[in-house]
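Just below is one structure, and these are the notes that go with it.
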Amino acid sequence: MKIIACFFCAVIGLAACTKESDALRTAIQNSNPPVTAPLPVQPALKRGVFYPTSGIQVMGVVKIIQQSAGLQVQLDSFSVSPGPDLKVYLSSAAMPGNHLNLGNLQSNTGTQYYNIPAGTNLSAYPFVLIHCQQYNHLFGYASLQ
């Protein structure tokens, strides 16, 4: 009789676990947010590759992209040697001079975005520079094509 009672308890226990597993699986499936398509990748209007100056390490790609708020410079797969007071410039040459300061470098590594002021004539600025303003030292440049 004990064997029949143990068998009966085991069958009920297994049935209860199956029902809980099904209920849990259904709850998890219903709680997941719907899968949405990724945001479209903005095509680059212009692009270039960074080159270092003497004693500096820099790498990455620069792109000019059109966003809903306007044009932006995107630094992609970017890294540069650390330095003080680093700025991002749009420039008429591979050296600072006639340039447009887009602001402080946000980070020495990673993807970053910088707004280009509305009405900027991009053909006047065919280079993007990473420049130490404090010591007037160029860290890297990219020619936009």
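What follows draws every value from the coordinates through simple rules; no lab data is involved. The structure presented is a predicted model; accordingly, all values stated were derived computationally and were not measured. No Cβ is skipped: glycine too gets one built from the backbone with ideal geometry, and neighbour counts run over all protein chains shown.
Each other residue within a Cβ distance under 13 Å of Ile64 adds +1 if Lys or Arg and -1 if Asp or Glu, for a net charge of +2. With R₀ set to 30 Å, the beta-carbon distance separating Ser92 from Ser68 gives a calculated FRET efficiency near 0.60. Counting charges near Gln145 (Lys, Arg +1; Asp, Glu -1) among other residues having Cβ under 9 Å from its Cβ returns a value of +2.
What's the local net charge at Asp76, with K and R +1, D and E -1, over the other residues with C-beta under 14 Å away? Numbers along the way, then the final one.
Details: positive: Lys46, Arg47, Lys63; negative: none.
So the environment of Asp76 carries a net charge of +3.
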